[in-house]
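The values are calculated or read from the model by the stated rules, or taken from the named source; none is laboratory data. Just so you know, these numbers come straight off a predicted model, no measurement behind them. Cβ coordinates were reconstructed from backbone atoms using ideal geometry, including for glycine residues, and neighbour counts include every protein chain displayed. All accessible areas refer to the heavy atoms of the entire protein, side chains included, with ligands and DNA or RNA removed. Shrake-Rupley method; radii C 1.70, N 1.55, O 1.52, S 1.80 Å.
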Amino acid sequence: MTPMKEDYLKIIFELGGADKLISNKQIAISLNIAAGSVTEMVNKMVDEKLVTHEPYSGVQLTAKGKRYAEELVRKHRIWESFLVNTLHYGISDVHDEAELLEHVTSDKMIDHLDDFLGNPKRCPHGGVIPDRNGNYHPDHDKILTEAKDGEEVIVNRFIDNHDLLTLLGDIKLDIGDKLKIVSHDPFEGSVTVKNLTDKKNLVIGYKTAHYVFVR
């Protein structure tokens, strides 16, 4: 399987595609690629029975695709946990390293590393880590853009993206922060929120708001 196809499986999983339909637009935004490229790859993945596709609605992982995605995500996120918690990497700097390491790690080695770390349930950016038997508690969260004006939410996790995590570090938006949705900009698509921890307002851009998951 190509690294690009693996990236698709991981992002569809991260967006919730094990349990619901994920639009091509969401995939394109998350991977920062053209919508046409997503359509082409999705067609290939349908042929390989990794995803199912409903026209104008989106894609969902098949049992086969979900199994592949869980294995990839598990290795990737355990390595991220090791790099951040043991080697003290910055959270925004671990993705590329973990991407390399996951491809050369045996199941036996990842199980030992998992035990060494104390079997973490979540990675540094909040994503669930399946255990060695594929068990985990799936998230039932939503992207920030889906939260309604006046709603209070808690930041649950972030998409694993270097530029995003650097930005969120700069604006001091963290997992566990409580936010109140102030307004959605109807033209730009940005979301204004009040961080109830420090009482400050933040304007979160359209793309960034698609990378932040809340509950």
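Quick test for you: out of Thr86, Thr105, Thr145, pick the one residue that is under 22 Å from His210 (Cβ atoms) and of a type in the set (Ser, Thr, Tyr).
Only one candidate qualifies: Thr145.
Checking the structure you have, find out if any residue of segment 143-157 is under 20 Å from Leu9 (Cα atoms) and open to solvent by 20 Å² or more (accessible area, probe 1.4 Å). Before you say what the answer is, go through the steps one by one.
Initially, segment 143-157 is screened for residues under 20 Å from Leu9 (Cα atoms), giving 143, 157.
From what's left, open to solvent by 20 Å² or more (accessible area, probe 1.4 Å): none.
Among the residues of segment 143-157, not one is under 20 Å from Leu9 (Cα atoms) and open to solvent by 20 Å² or more (accessible area, probe 1.4 Å), which makes the answer no.
Residue count for segment 137-162 satisfying the condition of being farther than 19 Å from Leu196 by Cβ, of a type outside the set (Val, Ile, Thr) and in contact (Cβ under 8 Å) with a residue 40 or more places away in the chain: 6.
Do we have any residue at all in segment 37-48 that's touching a residue at least 24 places away in the same chain (Cβ under 8 Å), among the basic types (Lys, Arg) and over 18 Å from Tyr211 (Cβ atoms)? Checking segment 37-48: at least one residue is touching a residue at least 24 places away in the same chain (Cβ under 8 Å), among the basic types (Lys, Arg) and over 18 Å from Tyr211 (Cβ atoms). Quick test of your reading of the structure: Arg122 fulfils all but one of (1) over 18 Å from Asp7 (Cβ atoms); (2) basic (Lys, Arg); (3) surrounded by 15 or more Cβ atoms within 10 Å (Cβ to Cβ); (4) in contact with an Asp or Glu (Cβ under 6 Å, 6 or more places away or on another chain). Name the failing condition by number. Against the list (1) over 18 Å from Asp7 (Cβ atoms); (2) basic (Lys, Arg); (3) surrounded by 15 or more Cβ atoms within 10 Å (Cβ to Cβ); (4) in contact with an Asp or Glu (Cβ under 6 Å, 6 or more places away or on another chain), Arg122 comes up short only on (4). Tell me whether segment 80-92 contains one or more residues that are at pLDDT below 90 and either assigned to a helix (DSSP H, G or I) or within 18 Å of the chain's Cα centre (by Cα) (or both). The answer is yes; a qualifying residue exists.
Specify the residue that is surrounded by the most Cβ atoms within 10 Å (Cβ to Cβ); the eligible residues are those in segment 94-117 that are among the hydrophobic types (A, V, I, L, M, F, W, C) and assigned to a helix (DSSP H, G or I).
Looking only at segment 94-117, we keep the residues that are among the hydrophobic types (A, V, I, L, M, F, W, C), and these are 94, 98, 100-101, 104, 109-110, 113, 116-117.
Then drop every residue that is not assigned to a helix (DSSP H, G or I), which leaves 98, 100-101, 109-110, 113, 116.
Numbers: Ala98: 23, Leu100: 11, Leu101: 20, Met109: 13, Ile110: 19, Leu113: 17, Phe116: 11.
Across segment 94-117, the extreme among qualifying residues is Ala98.
Okay, residues lined up against (1) closer than 18 Å to Val73 by Cα; (2) assigned to a strand (DSSP E or B); (3) not charged (D, E, K, R):
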site: Gly17; (1), (2), (3): yes, no, yes
site: Lys25; (1), (2), (3): no, no, no
site: Thr39; (1), (2), (3): no, no, yes
site: Val42; (1), (2), (3): no, no, yes
site: His53; (1), (2), (3): no, yes, yes
site: Tyr56; (1), (2), (3): no, no, yes
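Restricting the first member to segment 1-29 and to residues that are touching a residue at least 40 places away in the same chain (Cβ under 8 Å) and open to solvent by 40 Å² or more (accessible area, probe 1.4 Å), and the second to residues that are in a helix (DSSP H, G or I) and not charged (D, E, K, R), the beta-carbon pairs closer than 8 Å and six or more apart or on different chains are Met1/Tyr68.
Considering only segment 114-121, I want to know if a residue exists there that is at pLDDT 95 or above and within 26 Å of Gln26 (Cα to Cα). Scanning segment 114-121 turns up at least one residue that is at pLDDT 95 or above and within 26 Å of Gln26 (Cα to Cα).
Can you name the condition, by its number, that Ala63 falls short on among (1) within 23 Å of Lys142 (Cα to Cα); (2) among the aliphatic types (A, V, I, L, M); (3) open to solvent by less than 60 Å² (accessible area, probe 1.4 Å); (4) modelled with pLDDT of 95 or more? With (1) within 23 Å of Lys142 (Cα to Cα); (2) among the aliphatic types (A, V, I, L, M); (3) open to solvent by less than 60 Å² (accessible area, probe 1.4 Å); (4) modelled with pLDDT of 95 or more applied to Ala63, the lone miss is (3).
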